Amino acid sequence: MEFMKNSDIFFQKENEIGWLELLKKLPEKLKICIFNEISLGNSLIALHYLNWPEQGSVVALLSKNFITKEFDKDLHFRELNDPHYCKEELSYVEGSVTHLIIN
């Protein structure tokens, strides 16, 4: 998958099969956001099972700020501009587990 490339800066490298398995763990509402961002020219550069912020959390990292600014009502968007964490964060809680897309 050309649009997925690994980044040593934020996450350990995963093989393509690992990426697909992680993508399956991501809630559908966040997958839709990722696919929408990719269709608009953004790139998914990392996808990892961090067990942060909770056990079982999956975190996706986009290369640029969100192009879309209107999200499903169940998603929580925050503009943080934190140089040590991320610029923007989109989260969704499934069960008791928070999953994130950051940039």
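The values are calculated or read from the model by the stated rules, or taken from the named source; none is laboratory data. Every value quoted in this text rests on a predicted model; they were computed, and no experiment measured them. Backbone-built Cβ (ideal geometry, glycine too); neighbour counts: all protein chains shown.
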- Query: modelled with pLDDT of 95 or more and in contact with a Ser or Thr (Cβ under 6 Å, 6 or more places away or on another chain): does that describe residue 43?
  - Reply: no
- Take the range 48-103 and flag every residue that is within 17 Å of residue 22 (Cα to Cα), of a type in the set (S, T, N, Q) and at pLDDT 95 or above. 91, 98
- Message: For the range 60-83, check the following and say yes or no: at least one residue is on the phi > 0 side of the Ramachandran plot and surrounded by 14 or more Cβ atoms within 10 Å (Cβ to Cβ).
- Response: no
- Message: Of everything in the range 63-97, what is of a type outside the set (Lys, Arg), in a strand (DSSP E or B) and touching a strand residue (DSSP E or B) at 6+ places or on another chain (Cβ under 6 Å)? Give them in sequence order.
- Response: 76, 77, 79, 88, 89, 90, 91, 92
